[in-house]
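Please read the structure below before turning to the comments.
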Amino acid sequence: MLQEIRDALNGTYERRARNNAVAGLTAGLVIGALAGLLFAPKSGKETRADIREGAKIGAEKVKETAHHLGDIAKEKVELAKEKVSEVKEHIKTGKRAAAAAADAAEEVVEEAAEETKAT
């Protein structure tokens with residue numbers, strides 16, 4: 001009993017509990033993986049083919065998404081260029097540059113937020 005009190009005071013009890021939990025989790029993972037391999041309904045060759053096909057589909061989706069995001073980025077760059085031109089025009093006509101820039105930035109942010117919600 002005295003040993004248990006000492007262990008509780010110096011943290012040994014908690015370390016042992018953590019180590020036991022990790023060991024139990026590891027053993028469970030190993031047993032689960034072995035059971036999965038033993039009772040799998042498909043052969044290894046079929047499973048590898050399924051994984052390969054899933055990876056191809058995933059890669060295609062990533063490419064499509066990247067292309068779509070690239071198009072959106074190009075549109076936003078063009079929009080920003082237009083807004084900069086508007087700000088320059090406002091500067092020429094005498095409107096305060098800070099107000100014009102703030103208006104243009106707000107429009108770009110709003111449109112980007114709407115586009116992000118749509119995707």
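Listed conditions (1) outside any helix (DSSP H, G or I); (2) touching a residue at least 24 places away in the same chain (Cβ under 8 Å) are all met by Ala40, apart from (2). Scanning the stretch 36-50 for residues that are surrounded by 10 or more Cβ atoms within 10 Å (Cβ to Cβ) and of a type in the set (A, V, I, L, M, F, W, C) turns up Leu37, Ala40, Ala49. Applying a threshold of 9 Å to beta carbon distances and a minimum spacing of six or more residues, or different chains, the list of pairs starting in the stretch 102-119 at a residue that is over 16 Å from Lys83 (Cβ atoms) and ending at one that is of a type outside the set (Gly, Ala, Ser) and at pLDDT 75 or above reads Thr116/Ile72; Thr119/Thr65; Thr119/His68; Thr119/Leu69; Thr119/Ile72.
The values are calculated or read from the model by the stated rules, or taken from the named source; none is laboratory data. Model, not experiment: these values are computed from the prediction. All Cβ positions, even for glycine, are placed from backbone atoms using ideal geometry, and neighbour counts span all protein chains on display.
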